[in-house]
Amino acid sequence: MGADKAKTIKSEIVIVGGGMAGLTAAIGLAQHGFEVVVVDMVPKGDLTAASYDGRASALAYASCQLLKAIGVWPYMEPYAQPILEIRVSDGPSLLHLHFDNETLGDGPLGHMVENRHTRIALFKRLEEFENIRFLAPEKVADINRSASGVSVTLESGVCVDADLLLGIDGRGSVVRRHADLPTSSIEYKQHGIVCSVEHEHSHCGIAHERFLPSGPFAILPLTGNRSSLVWTEKSHLVDTIMNLSDRAFESEVARRIGGFLGEVKVVGGRWAYPISLQYAHSYVSDRLALIGDAAHGIHPISGQGLNLGLKDVAALIEVLVVARNVGLDIGATSVLDNYAQWRTTDNAAVYAITDGFNRLFSNDIGPIKLARDLGMAAVNEVTPLKNFFMSHARGTVGELPKLLRGESLTS
Ligand SMILES: Cc1cc2nc3c(=O)[nH]c(=O)nc-3n(C[C@H](O)[C@H](O)[C@H](O)COP(=O)(O)OP(=O)(O)OC[C@H]3O[C@@H](n4cnc5c(N)ncnc54)[C@H](O)[C@@H]3O)c2cc1C
């Protein structure tokens, strides 16, 4: 590891973006024998600093299977809080939805882990591979693709030659822009305000999602008597809220939580993330594939963004391993098309569901409110529908890549 000043580095795969999806991809690919270079513009020390990312992610059961299969999970497990139930309610309405892990009888619905601990765990595992080089801070200066390979020139002058380029560089992806892949986007004019709280009573492993007029308010269980909050708010109010005194902010937070956790205290900082839906119409081009938020950034309402990225990672690894085993070029368009076809439909269904949910719940119009409350109550009573939503929460819907099923790619 460490910045490599050699002029040209030869590798099989070059990844631009060492976020959670990028590092997971690097580890999974290296574990399956590929030579990988990862480039990120942010140094490792900053990526893992407490101030860098205040979020915690709900990792679906299937995502946890992937992290176990590639040896990252043991480093994260001490920080992982099992999600045993999810309770969804429409403000103070008594009509609600309740998902319980006992119903499917197959372990927790997922785990909550602070992103910082996930990033630290990923770096610990990354260091165990000699076939990964992590170059940071480094920015992409130029990309050249040809029939025989791809060349990524970095601003330091280092050039990485590879068979395949993966753009895992988030919503503003330079790789996507370089390939000129058309993208659609919707601005929700909402921000997700994020902070953590300590509280008097146990959360009992229950995640709460409340629909308030400005957007969803999620109370997500962390280890100990702690929870992570995602308070979705109209963008024009965000500066005012972020500038509140500690006392006023804590009192707004406590009012939204209600009394069920006892006394609450905000710990650490507060962060605000703009929310939009953005997706590329195609995930692949010659010798290039997009993964994670670079391909699709969605509303955090259902906690699925990273989970979708990890599904992309597992699918791409499987496609590339199969291709290599039969002697195909891993950068060939026919190989990358298999990845794109596998992931596009599944991801599109999730964009549509999360977009629809946000529109349905981020308003306070009487008839719509009544209809959605009755809808929630109905879903709560119909077991097959409820199981369908729970399988989505667990990430087990669709044709799952083997690594998400906890299976080895050699079997
Ligand atoms: C409030 C909120 C709550 C969320 N909660 C959940 C949740 O509970 N569950 C869930 O599954 N998802 C959740 N998400 C979504 C999730 O955070 C994202 O989907 C995920 O972080 C995307 O990961 P990524 O690695 O694809 O991209 P990113 O995290 O954006 O990483 C991209 C990386 O690329 C690097 N990079 C960018 N450009 C360049 C360049 N030019 N050169 C070099 N490097 C570059 C960046 O430095 C960064 O490290 C939430 C999102 C928000 C906003």
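The values are calculated or read from the model by the stated rules, or taken from the named source; none is laboratory data. Computed from a prediction, not measured in an experiment: that's the story for all the values here. Every residue, glycine among them, receives a Cβ derived from its backbone with ideal geometry; neighbour counts consider all protein chains shown. SASA here: full protein model, heavy atoms, side chains in, ligands and nucleic acids out. Shrake-Rupley method; radii C 1.70, N 1.55, O 1.52, S 1.80 Å.
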Point to revise | The one condition in (1) under 27 Å from the mean Cα position of the chain (by Cα); (2) of a type in the set (A, V, I, L, M); (3) open to solvent by 40 Å² or more (accessible area, probe 1.4 Å) that residue 253 fails to fulfil | key: (3)
Review point. Just wondering, is there one or more residues in segment 283-297 that are more than 14 Å from the ligand (Cβ to nearest atom) and surrounded by fewer than 22 Cβ atoms within 10 Å (Cβ to Cβ)?
Key: yes
Exercise for review: Quick one: count up the residues across segment 115-150 that are open to solvent by 50 Å² or more (accessible area, probe 1.4 Å) and hydroxyl-bearing (Ser, Thr, Tyr).
Suggested key: 2
**Study point:** For residue 390: the one exception among (1) within 30 Å of residue 72 (Cβ to Cβ); (2) modelled with pLDDT under 75; (3) part of a loop (DSSP other than H, G, I, E, B)
**Key:** (3)
Check your understanding: Can you pull out the residues in segment 126-168 that are more than 15 Å from residue 288 (Cβ to Cβ), within 24 Å of the chain's Cα centre (by Cα) and outside any loop (DSSP other than H, G, I, E, B)?
Key -> 126, 132, 133, 134, 135
Exercise for review: Give segment 232-275 a look and list any residue that's in a loop (DSSP other than H, G, I, E, B) and of a type in the set (A, V, I, L, M), or say none.
Suggested key: 244, 261
Review point. Does segment 310-317 include one or more residues that are surrounded by 24 or more Cβ atoms within 10 Å (Cβ to Cβ), within 14 Å of the ligand (Cβ to nearest atom) and more than 16 Å from residue 32 (Cβ to Cβ)?
Key: yes
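Please enumerate the residues belonging to segment 151-161 that are open to solvent by less than 10 Å² (accessible area, probe 1.4 Å) and either under 22 Å from residue 319 (Cα atoms) or near the ligand (Cβ under 10 Å from one of its atoms) (or both). Full working, then the answer.
Our first condition is that a residue be open to solvent by less than 10 Å² (accessible area, probe 1.4 Å); within segment 151-161, this holds for 152, 154, 158, 160.
Within segment 151-161, 152, 154 meet the criteria.
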Check your understanding: If you go through segment 15-39 one residue at a time, how many are over 14 Å from residue 317 (Cβ atoms), assigned to a strand (DSSP E or B) and either within 11 Å of the ligand (Cβ to nearest atom) or of a type in the set (Phe, Trp, Tyr) (or both)?
Key -> 3
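For segment 184-200, what are the residues that are within 21 Å of the chain's Cα centre (by Cα) and surrounded by 19 or more Cβ atoms within 10 Å (Cβ to Cβ)? Walk me through how you get there before you give the answer.
Going through segment 184-200, the residues within 21 Å of the chain's Cα centre (by Cα) turn out to be 184-196.
Across segment 184-200, the qualifying residues are 188, 190, 191, 192, 193, 194, 195, 196.
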Check your understanding: If only one of 237, 222, 244 is under 22 Å from the mean Cα position of the chain (by Cα), at pLDDT 95 or above and either within 14 Å of the ligand (Cβ to nearest atom) or open to solvent by 10 Å² or more (accessible area, probe 1.4 Å) (or both), which one is it?
Key -> 222
Study note, to complete from the structure: residue 123: passes all of (1) within 16 Å of the ligand (Cβ to nearest atom); (2) at pLDDT 95 or above; (3) part of a loop (DSSP other than H, G, I, E, B) but (3)
Review point. Looking at (1) assigned to a strand (DSSP E or B); (2) under 22 Å from residue 115 (Cβ atoms); (3) more than 10 Å from the ligand (Cβ to nearest atom), which is the only condition residue 194 fails?
Key: (3)
Practice item. List the number of the failed condition for residue 179; all other conditions in (1) open to solvent by less than 60 Å² (accessible area, probe 1.4 Å); (2) within 15 Å of the ligand (Cβ to nearest atom); (3) touching a helix residue (DSSP H, G or I) at 6+ places or on another chain (Cβ under 9 Å); (4) farther than 19 Å from residue 41 by Cα hold. Key: (3)
